[in-house]
1. Any chance the stretch 132-150 includes a residue that's at pLDDT below 95 and closer than 26 Å to Gln7 by Cα?
2. Does Gly102 satisfy being in contact with a Lys or Arg (Cβ under 9 Å, 6 or more places away or on another chain) and not acidic (Asp, Glu)?
3. Looking only at residues that are among the charged types (D, E, K, R) and buried (at least 17 other Cβ atoms within 10 Å of the Cβ) in the stretch 218-258, which one is nearest to the chain's Cα centre (by Cα)?
4. If only one of Leu185, Leu175 is at pLDDT 95 or above, assigned to a helix (DSSP H, G or I) and on the phi < 0 side of the Ramachandran plot, which one is it?
5. Taking the options Glu261, Glu245, name whichever one is among the charged types (D, E, K, R), under 18 Å from Leu27 (Cα atoms) and part of a helix (DSSP H, G or I).
6. Suppose we filter the stretch 204-217 for residues that are surrounded by fewer than 20 Cβ atoms within 10 Å (Cβ to Cβ) and touching a residue at least 12 places away in the same chain (Cβ under 8 Å); how many remain?
7. For the stretch 192-232, which positions are over 23 Å from Glu23 (Cα atoms), part of a helix (DSSP H, G or I) and of a type in the set (D, E, K, R)?
8. Right, Ile165: buried (at least 21 other Cβ atoms within 10 Å of the Cβ) and assigned to a helix (DSSP H, G or I) or not?
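The values are calculated or read from the model by the stated rules, or taken from the named source; none is laboratory data. Just so it is clear, the model here is predicted, and its values are computed rather than measured. Here the Cβ is made from the backbone with ideal geometry for all residues, glycine too, and neighbour counts use every protein chain on show.
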Amino acid sequence: MKIDSHQHFWHYNATEYGWINDEMAVLRNDFLPVQLVKELTTIGFDGSIAVQARQSLEETNWLLQLADLHPFIKGVVGWIDLQSEQAEMEIAHFAKHPKAAGVRHVIHDEADVNFMLQPSFMGGMKMLEPYQLTYDLLIFPIHLDATIQFIPHFSEQQIFVIDHIAKPLIREGILSPWKEKMTLLASYPNVFCKVSGMVTEANWQMWRTEDIRPYLDVVFETFGTERVMIGSDWPVCLLAGNYGEVMAIVTDYIAEFSESEKAMILGGNACRAYLSRKQ
């Protein structure tokens with residue numbers, strides 16, 4: 001099964017999607033399952049993991065409803081306020097749904113670069129493990145030091161997934177110290193990495209595959225083929241390229257890999273991180 005491990009849905013409105021500025025006008029539209037399934041079918045993919053775009057329980061529940069209606073949505077990474085007094089109750093409620101796959105917080109928008117190290121947040125994180133829920137880490141390179149400190153506090157049974165290869169400075173062509181810190185993170189066997197969201201860290205109008213390959217080299221050298229998964233970041237990726245172009249960055253890169261390695265990167269690893277743990 002081939003799975004796009006990272007995509008979003010939304011009904012656009014300016015209030016809840018205030019981060020979509022004039023430069024991002026292409027995103028000021030509704031993006032729903034009927035549109036994505038056409039893209040998946042065109043490139044021969046079987047399904048996707050829907051990821052939160054708003055920090056609200058309302059959206060999390062809506063994504064689960066969409067997953068009920070559309071079999072191609074294989075799992076949902078929702079949002080829960082892990083610092084809330086109701087966190088454990090909300091986690092338990094979310095986890096009951098058969099397509100509840102993981103949780104995410106928009107860490108890179110928090111003012112405190114060490115946000116994830118706050119005792120209240122770490123306490124909430126520890127509640128996830130009994131429910132077999134994966135945790136997506138949405139971070140910038142400036143958060144890698146905190147992430148390296150954060151991961152050892154949890155059992156290897158708690159799976160973490162780094163979204164968008166931690167958003168390195170592709171536009172500027174800078175590899176270090178992102179490279180060295182990602183190498184440290186990759187040393188933890190419970191940390192996976194999504195090769196997604198890369199075109200929007202490059203020059204939106206003028207990116208070339210050659211700009212991105214050095215970053216893919218680092219990810220595959222450090223995480224190997226058993227902990228890397230393809231993701232589109234649709235519809236955000238539309239800022240810099242169409243769905244097929246964005247997915248081809250990775251499929252072309254792994255063209256010479258073995259069939260078993262391709263199977264892991266194109267779906268097997270997403271299944272292992274998000275789906276098989278709940279079965």
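1. Let us first name the residues in the stretch 132-150 that are at pLDDT below 95, namely 132.
Now narrow it down to the ones that are closer than 26 Å to Gln7 by Cα: 132.
Looking for residues that are at pLDDT below 95 and closer than 26 Å to Gln7 by Cα, one finds at least one in the stretch 132-150, hence yes.
2. Working: in contact with a Lys or Arg (Cβ under 9 Å, 6 or more places away or on another chain): no; not acidic (Asp, Glu): yes.
No.
3. First pass over the stretch 218-258, keeping only residues among the charged types (D, E, K, R): 221, 226-227, 233, 245, 252, 256.
Of the ones still in play, those that are also buried (at least 17 other Cβ atoms within 10 Å of the Cβ) are 227, 233.
Values: Arg227: 13, Asp233: 8 Å.
So the residue we want is Asp233.
4. On the way: Leu175 fails: assigned to a helix (DSSP H, G or I).
Unique residue meeting the criteria: Leu185.
5. Details: Glu261 fails: under 18 Å from Leu27 (Cα atoms).
The unique qualifying residue is Glu245.
6. First, pick out the residues of the stretch 204-217 that are surrounded by fewer than 20 Cβ atoms within 10 Å (Cβ to Cβ): 204-206, 208-211, 213-214, 216-217.
Add one more test, that the residue is touching a residue at least 12 places away in the same chain (Cβ under 8 Å), and what stays is 204-205, 209, 211, 213-214, 216.
Count: 7.
7. Answer for the stretch 192-232, where residues must be over 23 Å from Glu23 (Cα atoms), part of a helix (DSSP H, G or I) and of a type in the set (D, E, K, R): Glu210, Arg213, Asp217, Glu221.
8. yes
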